[in-house]
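Trainee: What follows is a single structure, and I will ask about it in a moment.
The values are calculated or read from the model by the stated rules, or taken from the named source; none is laboratory data. What you are looking at is a predicted structure, and each value in this text was computed from that prediction instead of being measured. Heads up, the Cβs are rebuilt from the backbone with ideal geometry, glycines too, and the neighbour counts pull from every protein chain shown.
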Amino acid sequence: MGARASGVGMLSIAVPESLVDHVSQLLPEALVIGCPETVDGAIDLLPDDINPDSYSAVAFGPGVSLEAKKAHNQILKTRRPLILDADGLNLLARKGTIPTLRARPAMTVLTPHPGEFERLFPDVVETGAPAYSLARKAAEMSGAVIALKGGRMVVSRPQGPTWINPDSTPALARGGSGDVLTGLSGGVGGDRPAPAPDDRRCGQNGGLVACPGGDVCGGPADGVWGGCLDLEPVLGSGFGSSSGG
C-alpha cells in the first residue's frame, strides 16, 4: 500500500504461490510474483527467474514470517538498496546484525521499533540513553541507515547528520503502520535514480502522514483511529506538503 501510494513507476510484489490470485485482485496494477512455499504457507525462496538486482530497490520483511530464511539470504546479496522491517529484521538479528550488514554490497535501511532494535543491537542498548544516540551508534557500527521508530522517529546514517522528526506521533504505533513505512521507503527508493532511498524523506513523511491520517479516522485520542489501511489515502498529501531535500 505504501509503495503504491509513493508514486513508484512499477511495483512488483513477491508472495506465496497460493496467494497470487488474491493479491492480484487487491492490487491489479502490481506485478505479483508467486514464490515456492514452506509447509506452513510462507515464502520459502525466490523463483529462479527472479533477480533482485533487476529492481531499483527492494523491501523485505512484513508478513514473511521467520520461515523465510532462504529468501532472506537471497535478498541480502542484492546490490540494490534494501529496506528491512518486521521479520526481515528478526531474521537479520538471528544471523548476526553487524557482520551481516558489513558484508552487504549496497545500502541497507533498517526500520525497527525499540523491541526490534534491542534484538538487532543488544550491545548498543543502554538504559536511559536517548534514541538519537542509540540510532547513531548503531548506524556507525553497522554501516546501515537506521530509522528508529518511536514517539519521535530518529533517522541516522553511518556518516553525516542524525534527524529527529518532530511530526512523529504515537498514532503510528498501530499495527501495520510500520509496514506502510516499509513500502513507502521502497517506493521512494525505486522511483528515483539516486544510489539509495531518501531515508530522511521517508522518515519525514512517515510522521506527516500520521497527522492527517489521525484526523481522517477520528484521531488517536478518541480511540477510533482506523489503522494502516487508512494511511494510504493521505500519503499523497504528505508528500505534497513536504520538501524532498
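Trainee: I need a count of the residues in region 77-109 that are aliphatic (A, V, I, L, M), touching a Phe, Trp or Tyr at 6+ places or on another chain (Cβ under 9 Å) and more than 24 Å from Gly175 (Cα to Cα).
Mentor: Of the residues in that region, 1 qualify.
Trainee: Looking at the structure I just gave you, is Ala71 closer than 23 Å to Lys149 by Cα and outside any strand (DSSP E or B)? Reasoning before the result, please.
Mentor: Details: closer than 23 Å to Lys149 by Cα: no; outside any strand (DSSP E or B): yes.
Considered against the rule, which asks whether it is closer than 23 Å to Lys149 by Cα and outside any strand (DSSP E or B), Ala71 comes out as no.
Trainee: Among the listed residues Ser18, Ser6, which satisfies the condition of being within 20 Å of Val58 (Cα to Cα) and polar (S, T, N, Q)? Walk me through it before giving the result.
Mentor: Working: Ser18 fails: within 20 Å of Val58 (Cα to Cα).
Every option except Ser6 fails the conditions.
Trainee: So, one more: In the list Leu11, Leu19, Leu27, Leu66, which residue meets the criterion of being within 20 Å of the chain's Cα centre (by Cα) and free of Cβ contacts under 8 Å to residues at least 24 places away in the same chain?
Mentor: On the way: Leu11 fails: free of Cβ contacts under 8 Å to residues at least 24 places away in the same chain; Leu19 fails: within 20 Å of the chain's Cα centre (by Cα); Leu66 fails: free of Cβ contacts under 8 Å to residues at least 24 places away in the same chain.
One residue alone meets the criteria, Leu27.
Trainee: Please find, within region 1-51, the residue that is surrounded by the most Cβ atoms within 10 Å (Cβ to Cβ) out of those that are among the hydroxyl-bearing types (Ser, Thr, Tyr) and more than 19 Å from Leu76 (Cβ to Cβ). Can you show your working first?
Mentor: Looking only at region 1-51, we keep the residues that are among the hydroxyl-bearing types (Ser, Thr, Tyr), and these are 6, 12, 18, 24, 38.
From what is left, the residues that are more than 19 Å from Leu76 (Cβ to Cβ) are 6, 18, 24.
Values: Ser6: 22, Ser18: 11, Ser24: 16.
The extreme case among them is Ser6.
Trainee: Quick one: would you say Gly61 is within 19 Å of Arg80 (Cα to Cα) and surrounded by 11 or more Cβ atoms within 10 Å (Cβ to Cβ)? Quick ask: steps written out before the conclusion?
Mentor: Values: within 19 Å of Arg80 (Cα to Cα): yes; surrounded by 11 or more Cβ atoms within 10 Å (Cβ to Cβ): yes.
Considered against the rule, which asks whether it is within 19 Å of Arg80 (Cα to Cα) and surrounded by 11 or more Cβ atoms within 10 Å (Cβ to Cβ), Gly61 comes out as yes.
Trainee: Considering every residue within region 52-59, establish whether at least one is under 16 Å from Leu76 (Cβ atoms) and part of a loop (DSSP other than H, G, I, E, B).
Mentor: yes
Trainee: Go through (1) touching a strand residue (DSSP E or B) at 6+ places or on another chain (Cβ under 7 Å); (2) modelled with pLDDT of 70 or more; (3) of a type outside the set (A, V, I, L, M, F, W, C); (4) buried (at least 23 other Cβ atoms within 10 Å of the Cβ) one by one and return the number of the condition Gly203 breaks.
Mentor: (2)
Trainee: Scan region 141-172 residue by residue and report those that are outside any strand (DSSP E or B), in contact (Cβ under 8 Å) with a residue 24 or more places away in the chain and within 19 Å of Leu120 (Cβ to Cβ). Steps first, please.
Mentor: Step one: filter region 141-172 for residues outside any strand (DSSP E or B), giving 141-144, 149-153, 157-161, 165-172.
Checking which are in contact (Cβ under 8 Å) with a residue 24 or more places away in the chain leaves us with 141-144, 149-150, 153, 157, 165-172.
Answer for region 141-172, where residues must be outside any strand (DSSP E or B), in contact (Cβ under 8 Å) with a residue 24 or more places away in the chain and within 19 Å of Leu120 (Cβ to Cβ): Met141, Ser142, Gly143, Ala144, Lys149, Gly150, Met153, Arg157.
Trainee: Could you figure out which of (1) farther than 17 Å from Pro62 by Cα; (2) at pLDDT 90 or above isn't true of Ala147?
Mentor: (1)
Trainee: Scan region 6-51 for residues that are part of a helix (DSSP H, G or I) and in contact with an Asp or Glu (Cβ under 8 Å, 6 or more places away or on another chain) and jot them down.
Mentor: As a first pass, look at region 6-51 and keep what is part of a helix (DSSP H, G or I): 17-26.
Glu17, Ser18, listed by residue number.
Trainee: Is it true that some residue in region 152-173 is at pLDDT below 80 and surrounded by fewer than 17 Cβ atoms within 10 Å (Cβ to Cβ)? Explain how you work it out, then say what you get.
Mentor: Looking only at region 152-173, we keep the residues that are at pLDDT below 80, and these are 167-173.
Imposing the further condition that a residue be surrounded by fewer than 17 Cβ atoms within 10 Å (Cβ to Cβ) reduces the set to 170, 173.
Yes, region 152-173 contains a residue that is at pLDDT below 80 and surrounded by fewer than 17 Cβ atoms within 10 Å (Cβ to Cβ).
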